[in-house]
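Heads up, the thing below is written out as structure tokens.
The values are calculated or read from the model by the stated rules, or taken from the named source; none is laboratory data. All of these numbers come straight from a predicted model, not from anything done at the bench. When we count neighbours, we look across all protein chains shown, and the Cβ atoms used for this are built from the backbone with ideal geometry, even at glycine. For the accessible areas, the whole protein counts, side chains as well, though only heavy atoms, and no ligand, DNA or RNA atoms are used. Shrake-Rupley method; radii C 1.70, N 1.55, O 1.52, S 1.80 Å.
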Amino acid sequence: MSEIVNGSCNCGYVEFSINMELKDVYVCHCSICRKSTGSGGIAVSVVPNEKFDWLSGKDYIKTWNKPNHDWETSFCTNCGSPLPGKNDESSTYIPVSLLDSGFENLKVKKHIFLDSKAVWEEVPDGSSA
């Protein structure tokens, strides 16, 4: 039986569930993710679309597509929290900071796009691009 993982935005208007255990975290340091989050990047897990479900708050979800780029981000229109979004045609990325449960076994598997990380950001030795 799969574990049900729940998550929500900061105000709680948008809620979602994931029907699987999460383990791997990918930390993206690209300039797009930095600007989208206002931080050094974003820590996400990636799940198959069929394992992800919105529970509430779909009316509060706004999606922005970067012009001339195959990238999009979603956020809550009430509190501004970054929300899960399209990773590719078959999967959804989940900002792990939104998890209300199921985060106990999460481990960073890989740091990505280190070539464009912020100059002030320190990344652990041994991290791979």
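Return yes when Asn78 is open to solvent by 80 Å² or more (accessible area, probe 1.4 Å) and in contact (Cβ under 8 Å) with a residue 40 or more places away in the chain and no when it is not. Taking the combined requirement at face value, the residue satisfies it. Scanning the stretch 21-35 for residues that are open to solvent by less than 50 Å² (accessible area, probe 1.4 Å) and either closer than 12 Å to Pro95 by Cα or of a type in the set (A, V, I, L, M) (or both) yields Leu22, Val25, Val27, Cys28, Ile32, Cys33.
Just to verify a result, which residue in the stretch 52-70, among those that are touching a residue at least 40 places away in the same chain (Cβ under 8 Å) and not polar (S, T, N, Q), is surrounded by the fewest Cβ atoms within 10 Å (Cβ to Cβ)? Per the criteria, the residue is Lys58.
Select from the stretch 44-74 the residues that are aromatic (Phe, Trp, Tyr) and within 19 Å of Asn6 (Cβ to Cβ) and list them in ascending order. Scanning the stretch 44-74 gives Phe52, Trp54, Tyr60.
Of the residues in the stretch 92-99, not one is under 15 Å from the mean Cα position of the chain (by Cα) and part of a loop (DSSP other than H, G, I, E, B).
Cβ separations smaller than 6 Å between residues 6+ apart or across chains give the following pairs from the stretch 94-119 residues that are over 20 Å from Asn6 (Cβ atoms) to residues that are modelled with pLDDT under 95 and among the polar types (S, T, N, Q): Lys110/Ser128; His111/Ser127; Ser116/Ser31. Report, ordered by the first and then the second residue, all pairs with beta carbons closer than 6 Å, sequence separation of six or more or different chains, a first member in the stretch 1-25 that is assigned to a strand (DSSP E or B), and a second member that is of a type in the set (D, E, K, R) and surrounded by fewer than 21 Cβ atoms within 10 Å (Cβ to Cβ). That search, which allows pairs on different chains as well, returns Asn6/Asp100; Gly7/Asp100; Ser8/Glu15; Ser8/Asp100; Ser17/Asp53; Ile18/Lys51; Asp24/Lys109.
Can you report the number of residues in the stretch 26-63 which are modelled with pLDDT under 95, not in a strand (DSSP E or B) and not small (Gly, Ala, Ser)? Number satisfying all stated conditions: 7.
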